[in-house]
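Working notes, beginning with the structure itself.
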Amino acid sequence: MNALRLSAALTSLEDIAAYVGELTERAGLPTEAAYRLRLATDELATNVVMHGYRGSEGELRITGGMDEDTVWIRLEDDAPRFDPGAKRLPPRTDLPLSERPIGGLGIHLALTALDDFRHHYTDGHNSSTLVIRRRDHEEPPK
């Protein structure tokens, strides 16, 4: 699929969701697997907009593809370095809601929805690759 280059703004999330939807449909992913990839992509793109660029001008670059085994989305940006998978802790479900720390739950849900996640930072660019395996998500026979 062609890459998307979008303004790093919350208004771009609809275009990103449409892109992921088109990719997952072309890949023939079941609804549940497609939803997980869309959820994770939306959460990570939102984090780049809200916490990476922090309201300043910026760009998101989205590329997607598939091969025999996987469907993947790559998000790239020029925001300050941030690896969503680094130092990620599961939410403190043992604490009452009023005592839980704010933040991190969306990233936790996004990354646990994926089959694989990779991040690297090179020459001022963040690159996150989100992967769903195709073979683990076949529809059961009817």
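The values are calculated or read from the model by the stated rules, or taken from the named source; none is laboratory data. Here the structure is a predicted model, which is why all the values come from computation and not from measurement. All Cβ positions, even for glycine, are placed from backbone atoms using ideal geometry, and neighbour counts span all protein chains on display. Remember, those area values only see protein heavy atoms, side chains included, never the ligands or the DNA or RNA. Shrake-Rupley method; radii C 1.70, N 1.55, O 1.52, S 1.80 Å.
When ARG54 is tested against (1) closer than 25 Å to ALA27 by Cα; (2) more than 12 Å from the chain's Cα centre (by Cα), exactly one condition is not met: (1). Just to be sure before I move on: is ALA86 of a type in the set (A, V, I, L, M, F, W, C), at pLDDT below 95 and under 14 Å from the mean Cα position of the chain (by Cα) in the structure I sent? Taking the combined requirement at face value, the residue does not satisfy it. In summary, HIS125 fulfils each of the numbered conditions (1) in contact with a helix residue (DSSP H, G or I) (Cβ under 8 Å, 6 or more places away or on another chain); (2) modelled with pLDDT of 70 or more; (3) surrounded by 13 or more Cβ atoms within 10 Å (Cβ to Cβ); (4) not acidic (Asp, Glu) with the single exception of condition (1). Selection over the range 4-48 of residues that are loosely packed, with under 13 Cβ neighbours inside 10 Å, within 12 Å of GLY65 (Cα to Cα) and small (Gly, Ala, Ser) gives a count of 0. For the criterion of being more than 22 Å from LEU109 (Cα to Cα) and either of a type in the set (Ser, Thr, Tyr) or at pLDDT 95 or above (or both), MET1 fails. Does LEU39 fit the bill of being touching a residue at least 60 places away in the same chain (Cβ under 8 Å) and more than 22 Å from THR122 (Cα to Cα)? Yes, satisfied.
Each residue in the range 54-75 was checked for being closer than 17 Å to LEU6 by Cα, of a type outside the set (Asp, Glu) and open to solvent by 20 Å² or more (accessible area, probe 1.4 Å), and 7 pass.
Residues of the range 37-51 that are closer than 18 Å to ARG81 by Cβ and either under 8 Å from the mean Cα position of the chain (by Cα) or among the basic types (Lys, Arg) (or both): LEU44, ALA45.
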